[in-house]
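Undergrad: The structure that follows is given in the form of structure tokens.
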Amino acid sequence: MSLEHIITRAWYEDKSWVKCLSVLTPLYRMGLERAKKRAIKQRIELPVPVVVIGNITVGGTGKTPLIMFLAQALAQRGRRVGIVSRGYGARTNRYPYKVMATDSADTVGDEPLMLAQSLDVPVVIDPHRLSAIKHLLETNAEVDVILSDDGMQHYRMPRDLEILVVDGSRELGNEKLLPAGPLREPLDRLKTVDFCLVNGGNKELNSLALRYVEPGAFSLAPAKWRQIATGEIRELGYLPAAKRIVAMAGIGNPERFYATLEMQGLQFDSYPINDHQSLSKEEILRMGVTDPETQILMTTKDEVKYREIIRQSGWNNVWTLDVTVQMDQELLDEILDAIEEKLGL
């Protein structure tokens with residue numbers, strides 16, 4: 001287990017030893033407040049509304065599937081969406097950069113590539129999101145709504161609506177600021193966002209937010225298995241029989257993926273790696289991918305990194321679990337109406 005996983009688990013399981021890091025929290029808070037005040041003063045007006053979908057905790061919450069869902073819902077209302085992202089893990093040497101579906105995850109980052117391959121909308125990456133927004137608008141004049149993949153703490157970036165996503169299974173951990181806990185911002189930040197969506201629902205957390213959202217109104221649910229090499233689809237519960245199953249999860253909260261597999265009655269060897277980490281071909285081979293009696297299961301976020309090598313190698317025993325966003329229509333309409341209100345509609 002990596003140091004990253006050890007510390008993250010300590011935050012969310014409220015291990016006593018992590019409290020020793022609290023002596024550094026005042027320094028983090030002071031730096032955070034200074035950066036926020038300075039950045040907000042530098043904000044500029046933009047011609048289109050910007051909607052930030054992010055979190056205030058370290059670790060995955062399910063925001064990327066939500067962005068895809070909202071982009072599609074906005075398109076159905078006739079909105080022309082553009083997406084900006086930091087492009088975490090990207091290795092391109094030029095920014096801002098418009099992501100193409102043919103790019104590699106090593107070049108542009110796994111989440112931006114997922115968005116570009118799944119949606120017919122422009123996706124631009126830049127560690128300085130304001131530069132990404134300017135480039136997006138300069139090269140795509142038709143865009144009238146911008147979704148920011150994370151960026152809640154990128155204070156210099158103007159925003160018209162903030163949607164905070166919280167993992168309902170882990171909640172906010174020990175509710176302490178970094179480095180003693182997983183919070184990037186103080187808990188009272190929940191009172192300032194427009195929507196707090198708890199993936200799975202939590203009445204107490206939802207009641208802390210500015211706008212109450214009924215628990216269970218938003219969640220991510222497993223939809224189907226997809227064989228990466230061939231595209232074969234299998235319903236949940238109908239994976240090919242195997243003597244051994246290896247579950248790989250290079251995401252912010254691998255435990256959620258494992259829990260989903262356990263609920264399907266699967267027994268497996270877990271293979272956690274750091275969020276956004278890429279494995280070499282040799283490391284994939286060590287998982288047993290060439291063994292016909294072994295099935296490899298991975299998330300869709302992992303799939304974009306390994307799809308080509310899996311297809312080229314003809315590894316027909318590697319499957320990805322597609323998920324779907326489940327949201328009450330009333331909540332979806334409220335979010336879309338709030339966005340369109342910023343458009344003056």
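The values are calculated or read from the model by the stated rules, or taken from the named source; none is laboratory data. Bear in mind the structure is a predicted one, so any value in this text is a computation, not a measurement. Ideal geometry is used to build each Cβ from the backbone, glycine not excepted, and the neighbour counts take in all protein chains shown.
Undergrad: Count, please, the residues in region 7-48 that happen to be surrounded by 13 or more Cβ atoms within 10 Å (Cβ to Cβ) and in a helix (DSSP H, G or I).
TA: Qualifying residue count, region 7-48: 18.
Undergrad: Of the residues Glu293, Glu308, Glu303, only one is modelled with pLDDT of 90 or more, in contact with a strand residue (DSSP E or B) (Cβ under 9 Å, 6 or more places away or on another chain) and farther than 24 Å from Gly59 by Cβ; which?
TA: Glu293
Undergrad: Only one of (1) assigned by TED's automatic domain parsing to the domain that holds Leu336; (2) without any contact (Cβ under 8 Å) to a residue 60 or more places away in the chain; (3) within 23 Å of Leu183 (Cβ to Cβ) fails for Gly60. Which number is that?
TA: Only one criterion is unmet by Gly60, namely (2).
Undergrad: Check region 320-329 and report whether any residue there is assigned to a helix (DSSP H, G or I), surrounded by fewer than 16 Cβ atoms within 10 Å (Cβ to Cβ) and modelled with pLDDT of 95 or more.
TA: Taking region 320-329 as the starting set, the residues that turn out to be assigned to a helix (DSSP H, G or I) are 329.
If we keep only those that are surrounded by fewer than 16 Cβ atoms within 10 Å (Cβ to Cβ) as well, we get 329.
Still in the running and modelled with pLDDT of 95 or more: 329.
Yes - at least one qualifying residue is present in region 320-329.
Undergrad: Do the conditions hold for Asn174, that is, is it farther than 17 Å from Leu70 by Cβ, at pLDDT 95 or above, more than 17 Å from the chain's Cα centre (by Cα) and not aromatic (Phe, Trp, Tyr)?
TA: no
Undergrad: Checking the structure you have, find out if any residue of region 35-54 is farther than 23 Å from Lys342 by Cα, of a type in the set (A, V, I, L, M, F, W, C), in the same structural domain as Glu175 (by TED's automatic domain parsing) and in contact with a Phe, Trp or Tyr (Cβ under 7 Å, 6 or more places away or on another chain). Even if it seems obvious, please write down each step before you answer.
TA: Start the filter on region 35-54 by keeping residues that are farther than 23 Å from Lys342 by Cα, which leaves 35-38.
After this cut, where a residue has to be of a type in the set (A, V, I, L, M, F, W, C) as well, the list is 35.
Those still in the list that are in the same structural domain as Glu175 (by TED's automatic domain parsing) too: 35.
If we keep only those that are in contact with a Phe, Trp or Tyr (Cβ under 7 Å, 6 or more places away or on another chain) as well, we get 35.
Yes, that holds for at least one residue.
Undergrad: Does region 96-115 hold any residues that are touching a strand residue (DSSP E or B) at 6+ places or on another chain (Cβ under 7 Å) and in a loop (DSSP other than H, G, I, E, B), and which are they?
TA: Residues satisfying the conditions are Pro96, Val99, Gly109.
Undergrad: Quick check on my filter: what residues within region 116-169 are surrounded by fewer than 22 Cβ atoms within 10 Å (Cβ to Cβ), assigned to a helix (DSSP H, G or I) and under 19 Å from the mean Cα position of the chain (by Cα)?
TA: Gln117, Ser118
Undergrad: Which numbered condition trips up Gly216, out of (1) at pLDDT 90 or above; (2) of a type outside the set (S, T, N, Q); (3) assigned to a loop (DSSP other than H, G, I, E, B)?
TA: (1)
Undergrad: Moving on to the next point. Just give me the residues in region 330-345 being in a helix (DSSP H, G or I) and farther than 15 Å from Phe69 by Cβ, in sequence order. Explain how you work it out, then say what you get.
TA: Let us first name the residues in region 330-345 that are in a helix (DSSP H, G or I), namely 330-342.
Across region 330-345, the qualifying residues are Glu330, Asp337, Ala338, Glu340, Glu341, Lys342.
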